[in-house]
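Visitor: Here it is, the structure, as structure tokens.
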Amino acid sequence: MRWQGQQMGVADAAALPGLETLNGLVRSVTTPEFAGVTFHEVMSRSALNRVPGPSAMPFDWTVNPYRGCTHACVYCFARGTHEYLDMDAGADFDSQIVVKLNVADVLRRELSKPTWAREQVALGTNTDPYQRAEGRYRLMPGIITALVDSGTPFSVLTKGTLLRRDLPMLAEAARSVPVDLAMSIAVLDEPLRQLLEPGAPTFAARLDTVRAASAAGFRVTVFLMPIVPHLTDSTEVLDDALSRIADAGAARVLYGAMHLRPGVKPWFQQWLARERPDLVPVYRGLYPGASVQAPQGYRRMLATRVRPLLARHRLRGGLEEEEAQPATRRFRAGPVVTTSRGRAAAAASVPTLF
């Protein structure tokens, strides 16, 4: 594998954010409690990743303690990033997990530099920092401590109910620096969720986590996304989901239609052909050729459907591509990744969190 031969401290200008100096494989680990999963433990020389300037993301810095994700969401936008490691964006992304063992120590060193301006750092923008592996490796407490000790504000976006383990620490952190928490909740129907997100917590479990975070004093944002055309986008399903999200105490909801980036689309198409072959022609029309986004007409329809429901349930928020970004960075299209593969693949796309 490409990263096995890297040398300590040697930067790769073609790497994805966070992989420029991914260093030395320490060991590969399998364990019965994670059947079918291999953890590749590495020592990294960098932790802070600067988001490329042209990006439309609402943040400039990220930290990613893991690569790959056992949530195994069929639609996950980050799947294509695994190809840089000479792994595939399908099964390998779900089962070959790169773990940056020393990420907290490296982060602390980077945050101590005089040039660090204490800009907000986003966690959970690539793969989930509270996926099941975090229960084994416990990287997040060290990351949180490093951020707080340096006076750095941060945000966490997760599907993982393991967030509840760190709520006392996060609540304490919020007394010193701004801390924003967000939970990603996409699929209400449990049988469908098991097909689309086989390794992720249930809808109910994630709502319980929202409830716990709200009780801990956080104004939690819920990302109701991706909304999957013809599977999770009916008025009845959306109304039920938003009703439950409001009851759980969420302060804001962002929603958006599914994106299918180049590394994701083939994997999702295989899933669709296997599980819902009746929808294959429909999706060919919605996402033809190299199209990444659902067509504008569909997105307008979705907004017309969701906005009244947000008002009905007294929830703030709106369309992700409008609400997730501060005014100074809205509507700016640009690539999220900086590799040569990423630049070519993302040329016609508008980046989003999902």
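The values are calculated or read from the model by the stated rules, or taken from the named source; none is laboratory data. All of these numbers come straight from a predicted model, not from anything done at the bench. Counting neighbours? That spans all protein chains shown, and the Cβs are built from the backbone with ideal geometry, glycine included. Heavy atoms of the whole protein, side chains included, go into the accessibility calculation; ligands, DNA and RNA do not. Shrake-Rupley method; radii C 1.70, N 1.55, O 1.52, S 1.80 Å.
Visitor: Could you tell me the calculated FRET efficiency between His230 and Thr38, based on Cβ-Cβ distance and R0 = 30 angstrom, to the nearest 0.05?
Guide: For His230 and Thr38, the calculated efficiency is 0.30.
Visitor: Ignoring ligands, DNA and RNA, how do Arg79, Arg307 rank by accessible area with a 1.4 Å probe, largest first?
Guide: The ordering from most to least exposed comes out as Arg307, Arg79.
Visitor: Here is a further query. Rank-order 198-205, 295-302, 255-262, 218-225 by packing density, defined as the average count of other C-beta atoms within 10 Å over each peptide's residues, highest first.
Guide: 255-262, 218-225, 198-205, 295-302
Visitor: Next question, about the same structure. Need the full-extension length gain, Gln194 to Arg314, defined as separation in residues times 0.36 nm minus the C-alpha distance. One decimal, nm.
Guide: Result: 40.3 nm gained on full extension.
Visitor: Still on this structure: Could you order Thr127, Thr161 by accessible surface area, starting with the largest, using a probe radius of 1.4 Å?
Guide: Reading off the accessible areas and sorting them downward yields Thr161, Thr127.
Visitor: Say each of Arg300 and Ser112 gets a label point 7 Å from the Cα, pointing the same way as Cα to Cβ; how far apart are those two points in nm?
Guide: A separation of 5.6 nm, rounded to one decimal place.
Visitor: Which values, in whole Å and largest first, are the semi-axes of the equivalent ellipsoid of the stretch 148-213 obtained as the square root of 5 times each eigenvalue of the Cα gyration tensor?
Guide: 28, 11, 8
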